[in-house]
1. Identify, please: which residue in segment 4-31 is exposed (fewer than 10 other Cβ atoms within 10 Å of the Cβ) and within 15 Å of the chain's Cα centre (by Cα) and is, among those, nearest to residue 67 (Cα to Cα)?
2. Taking the residues in segment 42-73 that are part of a loop (DSSP other than H, G, I, E, B) and modelled with pLDDT under 85 as candidates, determine which candidate is nearest to residue 25 (Cα to Cα).
3. What's the total number of residues in segment 12-41 that are farther than 16 Å from residue 59 by Cβ and assigned to a loop (DSSP other than H, G, I, E, B)?
């Protein structure tokens, strides 16, 4: 279904796979996971994750590519 609307089951699958995509990058529903700790002048500071620490479309593609093989949530 390329141009049609998604049904509720398809939406749920996509939502679960997006959550999985973020989980791979250690990002959850906890806002604290959006930050990483870095040492600056001997002090630990929290810094917002950079773009390299965030999931990209390739990550989502790889998750969805594997979905058809085992159909796991």
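The values are calculated or read from the model by the stated rules, or taken from the named source; none is laboratory data. In this text the structure is predicted, and so the values were computed from the model without any measurement. Cβ sites come from the backbone with ideal geometry, for glycine too, and all protein chains shown count toward neighbours.
1. 29
2. 73
3. 3
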